[in-house]
Every structure is written in C-alpha cells, then in structure tokens.
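Enquirer: Before anything else, here's the structure in question.
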Amino acid sequence: MELSQSLQKCKYCQQPSRSESDFCCQACELLFQIDYQSWIPKLNNTQSLKQREYMDTEEFKSFYKNPNKESEYTFYVEGLQCASCIHLLEKIPEFRNDITSVDVNFGLSILKVNVTTDFKISQFLELLEELGYKGAPLSENENLADKYKAENRTNLKRIAVAGACAGNIMLFVVPVYGGLTGPYATAFNWISFVLFLPILFYSAIPFYTGAWNSLRYRVINVDLPIVIALWSGFIFSTVNLVLGKSEIYYDSTASFLFLILSTRFLVKRIQQKTLSDSSLMSFIPVQNIEEKTEHGIVSKLSLNIKVGDTLVIQPNQIIPADGTLLSISADVDISLLNGESLPHTLGIGMSVHAGTRCLNKSFLMKVEKVSNDTEIGKIVSTLENDSLKKTPFVTFSENIAQWLIAIVFSLSIIAFFVIGAFINYDEALNRALALIVIACPCALAFGTPLTYALSLRKARDLGILIKNGNVFEKVVQIKTIFFDKTGTLTSGQLSIVSNFPCAIEDEWKSIILGLEGKSIHPLAFGFRRAWPDTVPAEILNQEEIIGKGVRGTFNGSEYSLESSQSRGESGYMCVKLKKDTSTLAYFYFADELHPDTKNVIKHLASKNYEIGIISGDKYSIVEKIADDININKDLVFAESTPQKKLEVVKDFPFVCMIGDGANDSLALNQAHVGISVKGSVSLSHNSSEVCFTRPGLQSLVDLINISRRSQQILKSNLTFALFYNFVGGTLALLGLVNPLVAAVLMPISSLLIVLNTYRGLK
Amino acid sequence: MNIILFMIPLALIFAGSFVAAFLWASSKGQFDDLETPALRILIDDKNNNTKKNDESNEGSKCGVT
C-alpha cells in the first residue's frame, strides 16, 4: 500500500517539493539563480504598503509587541520549506538597518524579529512577500512557541532525570543479579533506592495529576494503573530491602517509567507543531478601517468599531461588522460565510455581514452589530458552547485499559486470599504485588502514544495536520462522508466553462483583460486564468457601470462587459461582451471541480462509503456537481444555513464532514471527524480535528490509509501486550517471577512493541 | 575492593554533574528548537561570492549539474 504519490524534488535543496515548479520555494530559486548578495528587495509595491500603513500605528504595534521585550516581535510565516528559507530570512538584517536579528523556528514556522525603533511592520511584511512568504504578526495569545516553552522544558528535565536515574539503577543492579551478596549487595540496593526517589517525586509528577484527574472525573485513564504499579513496586521493594530480602524491582519500574515519559513527550511535540499551523489568527483580522465622521475620514482599528459608526470599506477588505449599506450598490464575496460561489451585488439599504469580503469598489456602511452579536459572532459562540457539550471520545485502548485494570486488581486480591489460605500470607503478598508490577499496561501506556506519534508525523509529511491522535481510530469508523461544495469539491474559483461563439478573437481577449484591469472581482481572475498569455489592451475612459459591469473605449468604439441575466437554471454565471450596442460574445462561468475530485469520489464509493454534499449554494449548481460525480440525490443538501448543516450531520452516525468555510464550522465540530481543507477560514480550522494543507482531496485517501494502518498496529500491539500480561501474570501467581525475570521480560516486551510500531509505519 | 568506596561516589558525582549540565542547558533554551539549527548550517554563506564556481556549492547542489 503506497501512501504517497512521489513528489517532485526541488532543484536546489533536493527536498521533495509540494509545488509544481522546479523549486520548493522562492528562496531556493534565488539562491540557485542569482548572486543574491547583490540582490536587494525593491519594496516598490506602494499600494499594498499603503494598505498596511495602519500596522505602523503605536496601537497596533503595542498589541503585537512581545510583552516581555519591547523590541521583539513574533511573526508567523507561511511557506517555509527548507534550509534555504532559513538562510535567506536570517540574512535580512544584513540589508535592513531597522532589523537587528531574525531568528527562525522552522518547526513552528515562526520568526522572532529584534528591531530598532524605526521598525515598520508594514515594510517587513512587504519584504516577506517579496521573498515569497506570507507573514502575519502574532499576538501574545497566538504565539504557541512561547506558550509551550516552559512546559516543554520541564518535561524534558523530567525525562533527563528519569533516564539518568534509571540507567544508574540498572548499573548497580547488575552485580546483584550476578550473584553479589553481603554488605556490598545491600549497599548497592540502597543506592538504587536513593536513585529511585527523584523519579518518584520529580519525574512522575505528571502521572499523579493524570491519576488524580481520573479519580476526580471518574474516568479511568492509563495514568492510574501506572501510578499504582509505580508505588506498589516502590513500597514492595523498599519493604523487602528493609527486611533483607531479594525481591527488589527498582530497575524495572524506573526503566518503564522513563520509556513512557519519553514517548509521551514525542507525541506532545508533534501535536504542538500541528496546533501552531492550524490555529492561526482570529476570524476577522485586526485591520485598519476608515470611518467617516463629521470631521472627515479618520482611520481606526477594527477592534474599536462601535454601533452607529459609518465605515468606508475598501476593496479586498474583510467587513468587520454587521450593518446596512449606505452606498448605491456593492459587490460582496460571501463564500466565506455561506459557501455561495458567485459574488453578490447588494443594493442600498440591504444588510452586509461581518466576515464577508468587499470586491471591486469601496462602499459606505452603517454599523449595527459588532463582535459577538454579528451573524459570524453567533456562530463562534454556538461553536464554543457545542464543543463544551460534546461527549469525550473513549478510545479503544482506554476501554481495554479499564478492563485490564479491573481484571488485574480483582485477580491479585483473589490470589492474595487463595494463596494466603493455602501457603502463607507473606508469600501471598509477594505474588499479588509481583502480579501488579508485571501486568502494568506497558503496551497501552507507551505503545499507543508511540503509534500515534509516528502516524501523526507520517500524516504531517503528507500535508495532513491532525490535532489529536485518536482521530485515526475515528476515521476507521467512518461510514458516511459529507463534502461541502465550494472550495472543497471545487476549487472555489470561477472559470470559463463555455463561450459563444466558440472561437474568441485575440483582440477581444485583450480588450476584456484591459477592461477588467486590476479588478479583484472573481470573474476578472477567471478571465486572467483562461488567457494567461494575452496582453491586456490599453482602454481609455474605463469606468464601472454600477451593479452591472465595466465599460471603456478602445480604438474609438465603446466596449462593455456586463453581467447577463441568464444565470439561474443553468447554474452558470453569464457575462456578455458588447461593442457599442451589439453583443459580440457570451461567456459562461462556473466553479469547477478540482482535477482529482472525481477519482477520489470514485475510489471512496468503491470502498463502500456513503457520500453526500451539504452546501450553502443554489440547488441548481449543487445538483449539477452531484450529477458530475455520481452522488446519490438523497444525500445532497443545498441552500443550507450553518444550522441546517449541523442538523444534517447530527442525523448520521459516524459521519465525516469536510469543509472550508465558517458556515461549515458548526457541522465540522459536530461530526465524528471534521476535516477542513486548504485555504479555509481559521474558524473551520479551529472546529475541525484534521486539516489538509495540500489542495485537492487526495489527502482524504491518504488519511484513511494511514488511519487503517495505525489501527492495525495498535491492535497487534494490544494483542501482544495482552498475551504478555497473561503469561507474566500466570508466572507471577505461580511464584515463578523474581526481579531478574521481570528485569528481562519487561524491557524485552517494550522493545518488541517499539519494533513492531516502527516496522508497521515505516 | 576498597577502591570501590572511591569509585562509586565518583561515578555518582559524574552522573549527577551530567544531569545538572543537561538541566542547565534546557533551562537556557538549548532544546527549544531542535530542527532549525540543524538546517541552518547546511548552507555556507562564505563562498557565495564565487557562486558560479560550482565546487564551492557542491554539497547543496549535488545532482543538479
């Protein structure tokens, strides 16, 4: 079973690259092609510099400043690929006077920048863009690297102490096993005892909190038996040490604790990395908004907007609040909010919603609702409530752990009385405690996290970010898969599906591109993508026909590009090109399927998954897509509000929801497995457990394969552990276990589990 | 066998000082980021003036020419 298709290698750094070009990133291309030391970024894009001017206000700066260090800022950078990126970014101080140092954290995609007082965030972001990265400042709460720093350091110290002590205990126990007796043996055992204390009182602290939580919330977790085994091992050995007997288990207990601590740390590190990638930024970005007041236009941060303000929204801005439109008309992209692919033209007095995006021209709006009262704010708060109410998922291994604990303890109690009655109570105590120590759920305690860690890493390499290891188990249970349409099945971009007449003259193409100019309307992008080689014509008197399209003069005749009303049934959006009064051509646009969607759906259908679509888009459009990819009509839901999506998902057991918009977030949160796809809004990242960073749906097939394999390994580990516990337990009850047997059996069983896991996930 | 009375404390002191060194290093943040430093050394910036000279960059560009 091959999990990944082979990725192309970067020409410079030789790493597998996810992009289509020869290089994995712009840094590699630069380093490969030119003498980059003489290359200095131009920063000539004054327009975007101007748009970011607000970032240089003191208010904005102090929001993102490192609270402990005035001159330090933290940035999240998208697009770090390889060593070249680190190299290039850390060279920035050489050609910028306002930056004293740049420190890259590759694993977390974070830059720490030390600056002088002239530093401008806007210029730095512009610079990053020029170098081929996308940057965003991180505020204190968003900066996960610092958040987990203390915790990680403590964990590492606990592991170091446990490792050193366990290692030394093993050294001192070897002569004893070798037959050493007398005062030296006693002295060595006492040294073991002393070395065991740091493990007991320092390294094992996380297990105590885990066990305490398990008692307090009455859910049995693996920490509880570990603590019991640890302490019974310790007390049992110490009592025997004092009484001068040879049943001493310090070495086995110490080494198994060290192993468990290490594997848990591994899982934590991988999960933290994943979190830092997926929990980026809040839904409505902190941005600069222009407000129209009696004294003219002033700008303010979106955090400070109040009800009643009149705002001037610029093209490409995310609207920060709910309100009514004061301008004659406005084009708004609402796909983020409800998944509809075609832009909406709103008229005066209609309501505009926070979280949607202004398209080609600026407009005025009056603010009516802000933050939590907005439509999007309501979704966020429902989401928070829902995730609190959601019942925690009990994994298979937790289930097994509960049974194992119950069985081992009742067995040891029974054994104590039975053996006590037949032989003597002294021997009975020995055997019962040996049973507890040896039957400690080792495989559960570290086989499971190890499997998760390796699978998570594998998934990460394939561009799948997973927040929690138990997702693998849930994925295997999936029966039904629901897709959102816009941006998930389709690319979310409009492209030309047909035109009339069939052949379009080159002159018309260049006129159309000229008319569209620098427009950021989705149609303009569609035209540009369709004819990448055409040079736009010089259009005179270019102007906008409000709510309809654009017009301009070329070679003395007036051309216009207008929307045509024949949309509706066909599911297409239609535009016509007019010369003076006669129509020259029609263009039909639709949101097209991703190239690999059909194959993936076919593959999934052949594996007997039920497949459906839930979309906020129009019936006609959704049905057409469903026809194209052979989806059962009973499972197609169109024109769904976020609440409706939630209801649909609730009706199916073991459902997987894949979506990208804020409108999917409630459903993603409710679903057994929620997956968000590339390019999604951070709200859907936060509500889903899995995130695909590669475009297309191939990752879904990869995820299912990885999950299946990790569950197989988990099961073989468990089978082995149960077998081992059975044999070890029987030996302990028969009185055949002594410390030497335990010292040999326990590491061997651990080693077998590690090998099995590595072999399976290679 | 009396040497053991000297050797064992010595061994323990050694072990203890290594643990202490590790604890100190991790408090200083030396283990906060294990990935970046490993990649950071890969590209040697001294020789980039003679960029066209392929020898100087052989390590990072091998297999391309």
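The values are calculated or read from the model by the stated rules, or taken from the named source; none is laboratory data. Predicted, not measured: the structure shown is a model, and the values here were computed from it. In this analysis, Cβ positions are derived from the backbone assuming ideal geometry, glycine residues included, and neighbour counts consider all displayed protein chains. Accessible surface areas use protein heavy atoms only, side chains included; no ligands, DNA or RNA. Shrake-Rupley method; radii C 1.70, N 1.55, O 1.52, S 1.80 Å.
Enquirer: At 1.4 Å probe size, what's the solvent-accessible area of residue B:6? Round to the nearest 10 Å².
Expert: Using a 1.4 Å probe on the heavy atoms, I get roughly 120 Å².
Enquirer: Could I ask something else about it? Please compute, for peptide A:81-87, the average count of beta-carbon atoms on other protein chains lying within 10 Å of each residue's beta-carbon.
Expert: 5
Enquirer: Another question about this same structure. If you roll a 1.4 Å probe over chain A with all protein chains in place, what percent of the accessible area is carbon or sulfur?
Expert: Its accessible area is 56 percent carbon and sulfur atoms.
Enquirer: Where does each of A:211-217, A:670-676 land if you order them by average Cβ count within 10 Å, highest first?
Expert: Descending packing order for the listed peptides: A:670-676, A:211-217.
Enquirer: Would you kindly derive the ³J(HN,Hα) couplings of the stretch A:577-592 from the backbone phi angles with the Karplus curve 6.51 cos²θ - 1.76 cosθ + 1.60 (θ = phi - 60°), listing them in order in whole Hz, with x for Gly and Pro?
Expert: For the stretch A:577-592, the Karplus-derived couplings read 9, 10, 10, 6, 10, 8, 7, 8, 7, 10, 10, 10, 10, 8, 7, 7 Hz, x marking Gly and Pro.
Enquirer: Additional query: Mind grabbing the base-10 log of I(q)/I(0) for chain A at q = 0.06, 0.08 Å⁻¹? Debye formula, identical points on the C-alpha positions, no solvent, two decimal places.
Expert: These q points yield log10 I(q)/I(0) values of -0.49, -0.80.
Enquirer: Also, quick follow-up: Mind putting a number on the dipole of chain A about its Cα centre? Charges go on the C-beta only, +1 for Lys and Arg and -1 for Asp and Glu, and I need it in Debye to the nearest 20.
Expert: Roughly 2260 debye for chain A.
Enquirer: Okay, next question. Tell me, what HN-Hα J-couplings in whole Hz come from the Karplus equation 6.51 cos²θ - 1.76 cosθ + 1.60 at θ = phi - 60° for each residue of the stretch A:60-66, using x for Gly and Pro?
Expert: Rounded to whole hertz, the list is 5, 4, 5, 5, 9, 5, 5.
Enquirer: Starting from the amide H of residue A:352, placed 1.01 Å from N in the peptide plane, find each other amide H under 5 Å away whose residue is 5 or more places distant or on another chain.
Expert: Correct list: A:323, A:324, A:325.
Enquirer: How many partner chain Cβ atoms sit within 10 Å of a residue's Cβ in peptide A:151-164, on average, as a whole number?
Expert: 4
Enquirer: Strictly over 25 Å apart at the Cα level, which of A:598/A:645; A:300/A:361; A:134/A:598; A:149/A:762 would you flag in this model?
Expert: Distance filter (> 25 Å) returns A:134/A:598; A:149/A:762.
Enquirer: Which residues' amide hydrogens lie under 5 Å from the amide hydrogen of residue A:615, considering only partners 5 or more residues apart or on another chain, with H built in the peptide plane?
Expert: A:637, A:638, A:639, A:640
Enquirer: Sequence-distant or interchain residues sharing an amide H contact under 5 Å with residue A:550, placed H: which?
Expert: Hits under the 5 Å cutoff: A:545, A:561.
Enquirer: Next up: Would you mind checking A:366/A:576; A:11/A:65; A:147/A:474 for any pair whose Cα atoms are more than 31 angstrom apart?
Expert: A:366/A:576; A:11/A:65
Enquirer: Can you tell which of A:601, A:531, A:561 lies farthest toward the positive end of the dipole of chain A, using +1 and -1 charges on the Cβ of basic and acidic side chains (Lys, Arg; Asp, Glu)?
Expert: A:601
Enquirer: What's the buried accessible area, both sides, between B and A using a 1.4 Å probe, rounded to 100 Å²?
Expert: When B and A are taken together, about 3000 Å² of accessible area is lost.
Enquirer: Of A:439, A:308, A:156, which is farthest along the charge dipole of chain A in the positive direction, counting Lys and Arg as +1 and Asp and Glu as -1 at C-beta?
Expert: Selected residue: A:439.
Enquirer: Per residue of A:424-431, how many C-beta atoms from partner chains lie within 10 Å of its own C-beta, taken as a mean?
Expert: 0
Enquirer: Now, a different point. Which ³J(HN,Hα) values, rounded to whole Hz and listed in residue order, are derived for the stretch A:150-162 from phi using the Karplus coefficients 6.51, -1.76 and 1.60 in 6.51 cos²θ - 1.76 cosθ + 1.60 with θ = phi - 60°, glycine and proline given as x?
Expert: Couplings: 4, 4, 5, 5, 4, 4, 4, 5, 4, 5, 4, 4, 4 Hz.
Enquirer: On the principal axes of its Cα set, how long, how wide and how thick is the stretch A:54-115? Give whole Å, largest value first.
Expert: Its Cα atoms span 35, 24, 23 Å along the three principal axes.
Enquirer: Given only helices, namely DSSP H runs of n ≥ 4 each adding -39500 (n - 2.57), what is the per-residue ellipticity at 222 nm of chain A, to the nearest 500 deg cm²/dmol?
Expert: Working: 26 runs with 356 residues, N = 762.
Dividing the helical sum by the residues of chain A leaves -15000 deg cm²/dmol.
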